[in-house]
Structures are given as C-alpha cells and as structure tokens.
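See structure below.
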Amino acid sequence: MVKFNLEGASAAGRLGKISQWGSKSIEHATPSCMLYLRAGHVPHLTWQVETKWISHLQSPIYQLTLPSLVESKEVIAKFKRGIAAFCAIPNGPLHLATFDPMDELKTGYNEAKTIAIWASGGKVKLGVYEQHEIVKSFGVDSFETLIDYDVPRDVTNKRMSKAMDRTKILNEQTFEYEENLATPVFISLGGGFSAFQRRKCAVDNGMRKEDDEMVAGYSLELHDFWDGGCWDVEELKKLLSETFEPLPKQRLRYVCGPFSPKQVWHLVQLGVDLFDTSYAVKMAEKAKAIRLNDSYATNGDFELMDFTLDQYKDDFTTPYKECQCYTCKNYTRGYLHHLNNTKELLCSILLVIHNVHEYERSFAMLRERISKECST
Amino acid sequence: MSKNENDDESPMMSFKLLNIAGRARRGQLQLPHSIVETPVFMPVGTQGTMKGVLPEQLLEMDCRILLCNTYHLGHRPGHNLVKKAGGIHKMMNWPRSILTDSGGFQMVSLSKLMTVDEEGVNFESPHTGEMMLLSPEQSIHIQQCLGADIMMQLDHVIHVLTTGPIVREAMGRSIRWLDRCNAAHTRDDQTLFPIVQGGLDMDMRKECVEEMAKRAKVGIAIGGLSGGEEKSAFWRVVATCCEALPPHLPRYVMGVGHPIDLVICSLLGADMFDCVYPTRTARFGTALVRRGGELRLNQNKYANDFTPIDDKCTCETCQNYTRAFIHAISQKETVACHLISMHNIKHQLDLMRDVQKAIASGDAQEFLKTFLEEQYLGTSVPQWVIDACDYMGYKFSHF
C-alpha cells in the first residue's frame, strides 16, 4: 500500500503526507516530486556523486523509467537481486514509470493488448503480463496501469473510444494479476483533450473501493502537455477537474513528465500532489540552470540561465550566490560556459546537481505557502 | 622573490629521494599545491576538467597532480580568461598540483599547416584558420596566465622516427628555446621543466641531457617518445636518459600511460608519467585490470557477468557495480563512462602506489614477477619487456 494522508487544501493546492510506500516506511510531504532516473540513475550522476553532492530536502522516492531498463529485463531476472542492487540505487521507495518523460511518445503504435514504448533498440510492445513479470523481477514498490495514451487533439471519435476501451481492459487485467502480487499500482487516467472522456476514464477505472490497498493512487496521463507541448491553463483546469471530481479525494495524485516550475505551480493548484525531476535534467542537458524567483510560491515565476550564451564567457561569479548547492558553492558561470562550449561531461553533471536541488526547493516553497493558507 | 635572487626557485618546490631499488627511485616532489609521491601517474584533464569526474572524487583516491593542456585552454576559454578566473586551480576547483604542457605538441598534431623556425612554431589555428606564432616567450606567457605548478618548456617537436641533421637541429633549438623560456619565466610559484630531445640517437640524448640538466631547477622531462617508435628503442632511450641524468631531478616521461610502460619506466628510474589512455579508453567501454590488462565491457560475454570489474579493487565502481550493469548502459549513458573512468584512474594510481611500495621494501623483482604474470596471464611477455628486465638485472626463468 501507499499510505497518503491529505492534511489540507487551499486555492494554492493540496497538502499531504506519505508515510508508507509499498514495503518501505517514509516521511514525505507533498506537493513534491520523485527523483527521475534513467537506467536506474539520475542522468549523468553515479550514485556516489548523487548521494554525496546532492542534499535532498526530503528522502527521495525513486522514479525508475522503463524504456531505459526494459532491454535488460532478462539480465535483471537472472541477477535475482532486484533492480535496486543491479543499478546500485540507495535504499528507498522505487516507483516504476511506464514512460520516460525525457522522450517523445510517438503516435500510431499502440495495439489492442499492448502499448508501445521506445528503448534504445527501438519499439517495445508492452502488455499486462510482460509488465507484471518485470514488476516481479525488478522488485519495485509501485507501478502504473498501462494506458492507451495515443489520443492527440485531432483524434477521431472512433479512435478515442477504442483507446478508452483498451485502457479499461488493461486496467481490469492489471487488477486480475494484482491479486497474486502485493505491489501497489497507480491507476492511469487519460482522455486526451476531451473533458468528457477524462471524466469517463476516471469513472471507468478509478472507482475502486477506498480501502483497496492495491491502489497506490492516480497517475494522470498528460504527455501532450509536457514542457514544449501545448499549455492552456483554462483547458487543463477543465480536464483536471473532470478527472478528479468523481474520484475519492484522499488518494495520491501523481503526474509523470517534465513540467517547468511555472507549470508545476499551476498543476499543484489544480490538485496534483506528486511530480518528477525530469524537467531539471532536461534543462541541464540544454546547459540551462533553473532559478526560482523569491516570489515563486505566489506567482510561479522562475528564470533559466543559459550557459550557451556568450554573456557568461568572462563572468567568473557564482551562478547564484544564495544557492546552497555544490555547483553554486564551487564553480563559476564562466567555467560552466567553458564546459558547455567544450562539450565536457562535467557540464551536465554540475547542472543536474544544481537543477535537481532547485527543482526540489520549488516544492518546499509551495508546501510552505499552502500550509500558511491552511492555517489561516 | 624573483628567481634571480634564488636560483633554486622557492623552497615551495623541491625533490627528495626516499628509497632506491636498483635503478628505480621513490621520492617526494614538493610543489606549491601538494606533495607528490613518485613514481607518479598524472591523469590528464585536457580542457580544465577530468572528463566526467568531480575534483573531490580525485581527492578521495588521493590523486596529487593533474595535467592540463595549454593548447586547448589557450583556445578555450583562452589564457586571459583563465587568469581572470583566478588561475586554472581556482577555475576548475582543484586544490592540488597541476602541470601544463607547452602547447607545442598539440600544434604539431592538430594543425594541418605547421612550420618551425628559430622564432617559434607557426601554425594555422584550427579554430579561426589564422596563421599564428607560438614562441617560447608566448608559451611561457600563456602558462603563467594558467598558473600551473609545473610548466613545460616549448621544444622543437619532430616525429620520433625522423633521422638526419634535423634531429640535431631540433635538439639545439630546443636548448636555445629553453634559455628563452627561462628568461621569460617570472613567477616564482611555478617551476619550469626542460625537455630532453634527441630522437632515438643515444649519443645525442646524452648530449642533450648534459645541456638541459645544467639548466634544470626542480625537474626535467624526457620528450619525443610515445610517437609510434619501436618499443625496443623506446625503453632504451628512457634507460639512457635516466642513466645520464643527475639523481636530484625527477624525470618525467611524457605521454606514457600503459601499465606495462609505467612499470618498466619506473624500474628504469623514471619518476613521472601522463597519458589520456585510462580516461580515453574508458569512453570506449574498456576497463583496466591487473589480470589480463584490459576488459572490453561492450563485449557480449559481460552481459550476464555479475562480478565487479576487478574484485580486488576498492574503487567506488567496483564496490557498487557489476560488469553486467556497465555492459547494459555502455555507450548509452554517460554514467557508464564515469564509472569506468573512476575505476581506470584508481587503477593507475594504485599501480603506482604498488610500485612505490615495491621500491620502498626493496622487492622490485617480486613485484615485477607478479605484475607480469597477471598482466599477460599465460600469454607471452613481449621481447622488449624481457630485454628491459634483463638489462636491469631482473631474471625470470619461465619467460
């Protein structure tokens, strides 16, 4: 089970606490984010670097992403000691995300009983049975029901209802298997850009009994809204309220994807509790550092420092003097510009360290604001 | 103090011999930023970073000195910017010693059009296409802006297989350029190493040693090797130079980094080495091991191998990761390269610490025997290694 206690809510968002995640006891306040992993690692960081040079504000919940691991499933099964030992992941709750939020999801590849994900060797078809085998041999603490995500804005009604039917069947099959499996599962909720289908998907799949310990919470499918995609707050507001309205309020709401701090700020207001750090990594890989404005909690404002710009070439000041991260305490803007300019690996390492730190801090600021609003 | 007041340069820099075993020496090189235990391998951080490794990780494996390349840093970010950043140590957050090369070698290897005259090296910048001149004075100026503990003189680099009068000419010019470098050298917190030239000609090497040793202050380099010469010639040049050099100068053999070369050269009396090999080979998925030399982790035979790279190794990688995991992510994730780089650098540092121990305890012969057995694992030891061992008086009946 995933034990989540909803402690309060205001116009700024919901405040909650996670105290149990599968077999692991934790103390983790929400809104928050899981730590995004690719190949079982925060991209560019060995675990020695991650544990020594990032100080997390809360003990992390790890978000494994399947595309970078699926090709190793036979090896991991043979290894027999689980994914955490295979990838040297420190102790903590492990969630297995079906998609990699750093990758694009292509359209036109889902089938009746399988959905498509993309690994380094190409497309992989994933059905409920394969997913359960992976969940068992990896030894993760939670995963997500499979979903037909392929419902773009211009989807036909016929394709949309087919997607809804498939998602419903995948959901039912998962819970049939789940009787023999003690791994909590997030119910994936989709419906694309249709408010009607969003609600239908929630009602079709999400109404399991409130005391069903197999349900970890809800996983909101929003890949068409990922950073770089479309972003219309009013539209999202409608879609999310149709999704959440019929569902029990006390379940944890998680969304996978790279969302900017401003987008997070909106989504938290719309009732989302848990995100992931993929945006921090995405920006680091573009040589950009994130900085939240002091007023972030009230207006969602932040800025990006782009080290591809020549204005930083001869600027040997710290990236952000108030920042407490390893990168800001030890390196300069000019050096980061140089590392990017020479395509050195250290550039991504240092910017991932900074961006993960800053991204996690955004949630602390949001929690503080909601907490204040709830107590007045 | 200026260098004229104290010709031995400042007491910040000195070399102390601790033990001698045969021709091999164990010593301590005091530099402004650290004490370097020799024989030492210096990892190469070409552009002001050890690829994919944090400085603190190098400190944890007790790395004392790095090499950075003048040519690369002179172009990007540019020596004036490094100076503005407070020097190379501060810019890259590395508190211990650094050695910079003269920049001449890369000019020869990276520039399409290159000519040398008495004034310096004329080369076409691969970045701007302009013709530029690197003179001895300019090389020292750039290296003083970078601020490494050890600077290298600009020398007239010729291909190691070149023969004829040009070898002598290049040698003579390198000596004259050393004098110009010395004259241009003004910072007293940096030392300057001369570079012994003379190709594969032993007499010319001895002659060059004599001239350069007179002008050397803290240490000296043996240059012009590792350029594709026969191994049999390579070790003989190292042996000849080490024999001819006075003992108080640490001897730096440039561009040497394969474990067998490190071991043989150390036993011949060389003290310092550098090479991109451990980090470059890591990027192609190859890990260094005592048993068998190299492990190409991309090969399918490691896909289900749940042992560490080297079960005796104490590096972070071997303590936490299997060959199978690294195989799975190799060429896909930068983490694979970081993990192998960490292991490979530690492998080189540990190897040199073992060489130091062997010299200290006087059992170089026993060390060499074990090292060769492990490195070649039943395959035959190359003839040049046998010859070098024979020359040094180490006898192995089973070769």
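Only the coordinates and a few stated rules stand behind these numbers; no lab work does. Everything numeric here is computed off the predicted structure, so don't read it as measured data. Positions of Cβ are generated from backbone atoms using ideal geometry, with glycine treated the same way; all protein chains shown enter the neighbour counts.
Remarks
- Under the span-like rule (Cα at least 30 Å along the axis, Kyte-Doolittle mean at least -1.0), DSSP H helices of chain A: A:345-375
- In terms of packing, defined here as the mean over residues of other Cβ atoms within 10 angstrom, the peptides A:151-157, B:157-163, B:187-193 line up highest first as B:187-193, B:157-163, A:151-157.
- A dipole drawn for the protein assembly as shown from +1 and -1 charges on Cβ atoms has a positive end, and of B:P250, B:G172, B:T162 the residue lying farthest that way is B:P250.
- No Cys partner within the rule (Cβ under 4.7 Å), chain A: A:C33, A:C87, A:C201, A:C230, A:C256, A:C325, A:C347, A:C374
- By the Cβ distance rule of under 4.7 Å, chain B has these cysteines without a partner: B:C63, B:C68, B:C145, B:C181, B:C208, B:C241, B:C242, B:C265, B:C275, B:C315, B:C337, B:C389.
- Rounded to whole numbers, the Karplus 3J(HN,Hα) couplings from phi for segment B:66-80 are 10, 10, 10, 9, 4, 4, 5, 5, x, 7, 9, x, x, 5, 5 Hz, using 6.51 cos²θ - 1.76 cosθ + 1.60 with θ = phi - 60°, and x at Gly and Pro.
- Shielding by partners - mean other protein chain Cβ count within 10 Å, residues of B:311-321: 2
- Rounded to the nearest 10 degrees, the inclination of helix B:364-376 to the longest alpha-carbon principal axis of chain B is 70 degrees.
- Legend: mean number of C-beta atoms from other chains within 10 angstrom of residue C-beta atoms, peptide A:239-251, equals 0.
- Note on segment B:282-392: lysine pairs with Cα distance below 25 Å, sequence gap of 8 or more or different chains, count 10.
- Neighbourhood charge, 13 Å Cβ-Cβ cut-off, centred on B:Q319 and excluding it, Lys, Arg +1 and Asp, Glu -1: -2
- Shape of segment B:89-155, Cα gyration tensor, a/c cut at 1.5: prolate
- The distance separating the Cα centre of segment B:356-397 from that of segment A:179-246 comes to 68 Å.
- Alpha-carbon centroids, segment B:197-264 and segment A:362-376: separation in whole Å: 68 Å
- Peptides ranked, highest mean first, by Cβ atoms within 10 Å: ranges B:171-178, B:299-306, B:370-377, A:270-277: A:270-277, B:171-178, B:370-377, B:299-306
- Phi-based couplings in Hz for segment A:145-154 (Karplus 6.51, -1.76, 1.60; Gly and Pro marked x): 5, 6, 9, 7, 7, 8, 10, x, 4, 8
- Residues whose amide H comes within less than 5 Å of that of A:T30, counting only those at least five positions distant or on another chain, are A:G16, A:K17, A:I18 (H built at 1.01 Å from N in the peptide plane).
- Shielding by partners, peptide A:48-54 (average Cβ within 10 angstrom, other chains): 4
- Rounded to the nearest Hz, the phi-derived 3J(HN,Hα) couplings of segment B:144-156 under the Karplus curve 6.51 cos²θ - 1.76 cosθ + 1.60 (θ = phi - 60°) are 6, 5, 5, x, 5, 5, 10, 10, 10, 5, 6, 10, 8, where x marks glycine and proline.
- Taking a sphere under 9 Å around the Cβ of A:G217 and counting the other residues whose Cβ falls inside, with K and R at +1 and D and E at -1, yields a net charge of +1.
- Between 0 and 90 degrees, the angle of helix B:231-244 with respect to the longest Cα principal axis of chain B falls at about 60 degrees.
- Nonlocal amide H pairs with A:A119, under 5 Å, H built at 1.01 Å: A:V124
- Average Cα contact separation per residue, segment B:248-357, under 8 Å, 6 or more apart, as relative contact order %: 26 percent
- Inter-part distance, segment A:279-294 to segment B:277-349, computed on C-alpha centroids, equals 31 Å.
- Ordering of A:116-122, B:197-203 by burial proxy (mean other Cβ atoms within 10 Å per residue, highest first): B:197-203, A:116-122
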